[in-house]
Amino acid sequence: MNLKNKKILITGATGGIGNSLVEKFNSLGSLILATGTNEEKLNNLKKNFPNLSVKKFKLDEHDKIENFIEDIYKELDGLDILVNNAGITLPESSLDYSELSWEKTFDVNLKAPFFLSQECVKIMKMNNFGVIINITSINAELAFPNNPSYQACKAGLKQLTKSMALDFSKYGIRVNSIGPGYFKTSMTNKSWKNMKRRNMISDNTILNRWGTPKDLEGTIIFLSSNASSYITGQDIYVDG
């Protein structure tokens, strides 16, 4: 499970899960480029981890992805691992769900991971090695109320994982997805603050608690490393 000097791109690095992953990969001696949309938070990450490279980028600017990945290639002098972690959620009533919210969610949660992966594979295949990990959600498997675009995109990302695993295997690239359950992050802050809802979620989880970003680290490290060299096209749910 040695990841020292592995070159890793992490999207959504300023969120709870992304921040945790930066810290963990950094402790293992990996070479990381972290991206997000909040420049202040990226700079704070850089202060905490001086060896980290950071780059602000909006994932819905799909026409700029090719140049973005070219810059990362120059910065890291290669690329071994991509973690498609970034995501947004725009809950609204399904009866009145807006086209704008649908398109915004689709652009970030499903379209961007594919085109990022496509460009990263062009680099990875030069060394006949690469790992792509897509962060989906328990919503890729189970329906929750009033968030149709998020659930459709996460389910789509789960199947896209299998598609890319098949298509990119000839380049020595493995693709897997991880579906977190309820994790305490900024995305779930509203549910966490509602004590009735918080307790209901805990009570309906076998381990009787919410997840924390650190609960994902072991699975992601495993799938990033050669310890999982015969695993591809899989969905692993880390949901308690």
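The values are calculated or read from the model by the stated rules, or taken from the named source; none is laboratory data. Since the structure is predicted, the reported quantities are computational estimates derived from the model, not experimental observations. FYI the Cβ positions are ideal-geometry reconstructions off the backbone, even for glycines, and counts take in every protein chain you see. All accessible areas refer to the heavy atoms of the entire protein, side chains included, with ligands and DNA or RNA removed. Shrake-Rupley method; radii C 1.70, N 1.55, O 1.52, S 1.80 Å.
Of these, Ala227, Ala165, which one is more than 30 Å from Asn38 (Cα to Cα) and in contact with a strand residue (DSSP E or B) (Cβ under 9 Å, 6 or more places away or on another chain)?
Working: Ala227 fails: in contact with a strand residue (DSSP E or B) (Cβ under 9 Å, 6 or more places away or on another chain).
Exactly one residue qualifies, and that residue is Ala165.
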Margin query: I'd like to know if segment 49-58 contains one or more residues that are over 23 Å from Glu217 (Cα atoms), without any contact (Cβ under 8 Å) to a residue 60 or more places away in the chain and surrounded by 16 or more Cβ atoms within 10 Å (Cβ to Cβ).
Written below: yes
Checklist line | Residue satisfying condition, being open to solvent by 20 Å² or more (accessible area, probe 1.4 Å), at pLDDT 95 or above and of a type outside the set (Asp, Glu), within set Leu160, Leu142 | finding: Leu160
Note to self: Return the residues of segment 96-139 that are open to solvent by 60 Å² or more (accessible area, probe 1.4 Å) and touching a Cys at 6+ places or on another chain (Cβ under 8 Å); say none if nothing qualifies.
What the structure shows: Phe106
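State whether one or more residues within segment 164-171 are of a type in the set (D, E, K, R) and within 19 Å of Gly87 (Cβ to Cβ). Show your work before the answer.
From segment 164-171, those of a type in the set (D, E, K, R) are 167, 170; that's our starting set.
The next check asks that each one be within 19 Å of Gly87 (Cβ to Cβ); those that pass are none.
No; the residues of segment 164-171 include none that is of a type in the set (D, E, K, R) and within 19 Å of Gly87 (Cβ to Cβ).
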Notebook entry, point to check: Restricting attention to segment 128-156, which residues are in contact (Cβ under 8 Å) with a residue 60 or more places away in the chain and of a type in the set (S, T, N, Q)?
Noted result: Thr136
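Yes/no matrix, rows are residues, columns are (1) surrounded by fewer than 18 Cβ atoms within 10 Å (Cβ to Cβ); (2) under 28 Å from Gly29 (Cβ atoms); (3) out of contact with any strand residue (DSSP E or B) (no Cβ under 6 Å at 6 or more places or on another chain):
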residue: Ser169; (1), (2), (3): yes, yes, yes
residue: Pro180; (1), (2), (3): no, yes, no
residue: Ser186; (1), (2), (3): yes, no, yes
residue: Arg209; (1), (2), (3): yes, no, yes
residue: Leu216; (1), (2), (3): no, yes, no
residue: Gly233; (1), (2), (3): yes, no, yes
residue: Tyr237; (1), (2), (3): yes, no, no
